[in-house]
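Here the structure comes first, spelled out in structure tokens, and everything after it is commentary.
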Amino acid sequence: MTARARFKWPPAGVAIPSRRELPVHCPTPHPKAHFMTIATGDRIPDGTLNLFNEGIQSVSTTELLGKGKVVLFAVPGAFTPTCSNKHLPGYVRQLDAFRERGITVACMSVNDAFVMHAWGESQGVPADLPMLADGNATFAKALGLELDGTKNGMGIRARRFALYAEDSIVKIVHVEAPGEFRQTSAEAMLEAIDAT
């Protein structure tokens, strides 16, 4: 019997889904597709975010986050308690410390650009800390850092995270467990950056 005749596909115990069972958005799924979270050494993916500057403007993540030293932190929602009382104010207070290190800081949330602008104004956010809107969670999903808040009526949001990148390459990424706020604070990120 030839090698071709002995070969059986699929191998025993491996179920191959029918075309009807495959998700529409992934016609040839990889075993880890859509479950990969951005990690140290990865490149920040290309994407588009919005910000308000005399009207809504679209900005490329490559242009905004792809050059120099950048910290991007994300919150589950503008005007929510932890985000408004601790997370964003901490970065505003520590912004000079980031500037001294030559680091640009940006805030992102799955909200629209009008909400992010209003939140930034209410928090006294300086102009050089962009308030980025990821309205459809597209970029959060590209990072593998989306959060399903549908059971709480919040839809899809971004997880609370902070990452540090140099020339678009991620050097540090911290992701909080649900309900926690420890390793993504401005102080924690400064300490982690100084330790690298």
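The values are calculated or read from the model by the stated rules, or taken from the named source; none is laboratory data. What you see is a predicted model, and the numbers here were worked out from it, not measured in a lab. All Cβ positions, even for glycine, are placed from backbone atoms using ideal geometry, and neighbour counts span all protein chains on display.
Take the conditions among the β-branched types (Val, Ile, Thr), surrounded by fewer than 17 Cβ atoms within 10 Å (Cβ to Cβ) and free of Cβ contacts under 8 Å to residues at least 12 places away in the same chain and apply them to Thr80. Does it pass?
Yes; evaluated as a whole, the condition is true for this residue.
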- Any chance you could count how many residues in segment 104-119 are surrounded by fewer than 22 Cβ atoms within 10 Å (Cβ to Cβ) and in a helix (DSSP H, G or I)? 5
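Considering segment 149-160 alone, what residues qualify as being within 24 Å of Pro45 (Cα to Cα) and modelled with pLDDT under 95?
Correct list: Gly149, Gly155, Ile156, Arg157.
Yes/no matrix, rows are residues, columns are (1) crowded, with 18+ Cβ neighbours inside 10 Å; (2) in a strand (DSSP E or B):
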| position | (1), (2) |
| --- | --- |
| Pro126 | no, no |
| Lys141 | no, no |
| Ala165 | yes, yes |
| His174 | no, yes |
| Arg182 | no, no |
- Query: Which members of segment 21-75 meet the condition of being of a type in the set (A, V, I, L, M) and either exposed (fewer than 15 other Cβ atoms within 10 Å of the Cβ) or modelled with pLDDT under 95 (or both)?
  - Reply: Leu22, Val24, Ala33, Met36, Ala39, Ile56, Leu64, Leu65
- Please state which one of Thr37, Thr82 is assigned to a loop (DSSP other than H, G, I, E, B), among the polar types (S, T, N, Q) and over 15 Å from Asp134 (Cβ atoms). Thr37
- Among Leu163, Leu143, Leu129, which is the only one that is hydrophobic (A, V, I, L, M, F, W, C), in contact with a strand residue (DSSP E or B) (Cβ under 6 Å, 6 or more places away or on another chain) and under 23 Å from Asp42 (Cα atoms)? Leu163
